[in-house]
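So the structure is just underneath, and the comments pick up after that.
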Amino acid sequence: MLRLEKLEAAEKALRESLQYDPGFAQAHYHLGRVLEKQERDAAAIDEYRAAISLDPAQAEPYYSLGLLYRRLNRGSEADAAFAEYRRRKTEFPAQD
């Protein structure tokens, strides 16, 4: 749904998934992507942070968070997110 730009349907499906398993990090990450595309940036940041806290091996939420921070002109936060992305890609290379 996200790739097809059916954002409302994607959000609904992801929120339903999180009702069944609130600890599903990938659902939080993809919900963050949906919310960011809807320009609901604060909510997207919250979802990226939830994904990060639930699965420390995942690097992608840091990358997306860095891009969002960069778009919001929050340079130091973007730099920190990208640095953590690079660190995690090195520490957990099997996640590619």
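Summary table
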item: Accessible surface, the chain, averaged per residue in Å² (probe 1.4 Å); result: 61 Å²
item: Volume per residue of the C-alpha convex hull in the stretch 1-41, rounded to whole Å³; result: 56 Å³
item: Global form of the stretch 40-96, assessed from the alpha-carbon gyration tensor, a/c cut-off 1.5; result: oblate
item: Helix-derived mean residue ellipticity, 222 nm - over the chain, DSSP H n ≥ 4, -39500 (n - 2.57), to 500; result: -23500 deg cm²/dmol
item: Kirkwood Rh (inverse of mean 1/r, distinct Cα pairs), the chain, angstrom; result: 13.4 Å
item: Relative contact order [Cα under 8 Å, 6+ residues apart], the chain, whole percent; result: 19 percent
item: Electrostatic dipole magnitude of the chain [Cβ: Lys, Arg +1; Asp, Glu -1; Cα centre; debye, to 20]; result: 220 debye
item: Nearest-ten-degree value, helix 75-91 long axis tilted from longest Cα axis of the chain; result: 90 degrees
item: Carbon + sulfur, % of accessible area of the chain - ligands and nucleic acids excluded, 1.4 Å; result: 51 percent
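The values are calculated or read from the model by the stated rules, or taken from the named source; none is laboratory data. Since we're looking at a predicted model, the values are computed, not measured. Positions of Cβ are backbone-derived with ideal geometry, glycine not excepted, and every protein chain shown enters the neighbour counts. Ligands, DNA and RNA are excluded from the accessible area calculation, which covers all protein heavy atoms including side chains. Shrake-Rupley method; radii C 1.70, N 1.55, O 1.52, S 1.80 Å.
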